[in-house]
Amino acid sequence: MKNLILLLFTSLFLISCATAPSALIPQSFTSNSDDGMIVGTIAFENKKPIFNQYFFHYLGENDKSISSGKMITIRPKQMVAMKFKPDFFDENKAVYYFSITEVQGKYRFATLRLHENGGYIQSHGQVPINIDFKIEKGKVKYLGEIYFNYRDGILKLNDKKERDIPKFKEKYPNLNITE
């Protein structure tokens, strides 16, 4: 019985940990790579999160549906009460770094999938996105800030390179980011 309780608490602890996409950003990128990379930020109003998970799905030009598994996942901290645990705060925004490494080509963010887990009651939702981006072989390019405010119905791409590129260079000094 003790082992079962310990296993249950360990599982809950691991599941409730915040997930930031910055944990997946490589410290360096070689210009002779066959792949390319984009970097950017995702920002939320710094209020109590409404959803337990945010999935930003993107598609390549030959992908037909979001089931291809290409996505950026953000899970707020959920131990006692949900709250954002971002890479940094910018006034009223919780901001997360992200990167996407893919083969050269045209891509687009197509869907933001939302998941709310209230114990016995779970709900899912989708918000359409239409943000195009291009990945170039051997380059790391800056996309911008994807800003999401659920309460006000805002989802848009902002140019925040003056804020973001110096922060990226500080945290990832071996990434040569072009604009």
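Compute the long axis of helix 161-171 from its Cα atoms, compare it with the longest principal axis of the Cα atoms of the chain, and write down the angle in degrees, 0 to 90, nearest 10.
Taking the Cα atoms of the chain, the angle to 161-171 is about 70 degrees.
May I ask for the distance between the Cα centers of the stretch 115-159 and the stretch 33-73, given as a whole number of Å?
Rounded to whole Å, the Cα centres lie 6 Å apart.
For Cα pairs less than 8 Å apart in space and 6+ apart in sequence, what is the mean separation divided by the residue count of the chain, i.e. the relative contact order in percent?
Details: 370 pairs, mean separation 51.0, N = 179.
Across the chain, relative contact order equals 28 percent.
One quarter of the convex hull surface, Cα atoms only: what value does that give for the stretch 88-179 in nm²?
On the way: hull surface 31.0 nm².
Dividing the Cα hull surface by four gives the mean projection, 7.7 nm².
Given H placed on each backbone N at 1.01 Å, which residues far from PHE133 in sequence or on other chains put an amide H within less than 5 Å of it?
Long-range HN contacts for PHE133: TYR107, ARG108, PHE109.
Under a 5 Å amide H to amide H cut-off, with H placed in plane at 1.01 Å, what residues pair with LYS160 once short-range neighbours are removed?
GLU145
If ligands, DNA and RNA are left out, what is the accessible area of THR178 with a 1.4 Å probe, given in Å² to the nearest 10?
50
Please give the solvent-accessible surface of TYR147 in Å², to the nearest 10, using a probe radius of 1.4 Å with every protein chain present.
Surface accessible to solvent at TYR147 totals approximately 20 Å².
Any lysines with Cα under 27 Å of the LYS134 Cα? List them, leaving off those in the same chain fewer than 8 positions away.
Answer for LYS134, where 27 Å is the Cα cut-off: LYS64, LYS70, LYS93, LYS106, LYS156, LYS160, LYS161, LYS167, LYS169, LYS171, listed by chain and number.
How much net charge surrounds GLY69 when only the other residues with a Cβ under 14 Å from the Cβ of GLY69 are counted, with Lys and Arg +1 and Asp and Glu -1?
+1
In degrees, nearest 10, range 0 to 90: what is the angle between the Cα axis of helix 2-16 and the longest Cα principal axis of the chain?
40
The values are calculated or read from the model by the stated rules, or taken from the named source; none is laboratory data. Quick caveat, the model's predicted, so the values are computed rather than measured. Glycine also receives a Cβ, built like all others from the backbone with ideal geometry; neighbour counts cover every protein chain displayed. Please note that ligands, DNA and RNA were not included when accessible areas were found on the heavy atoms of the full protein model with its side chains. Shrake-Rupley method; radii C 1.70, N 1.55, O 1.52, S 1.80 Å.
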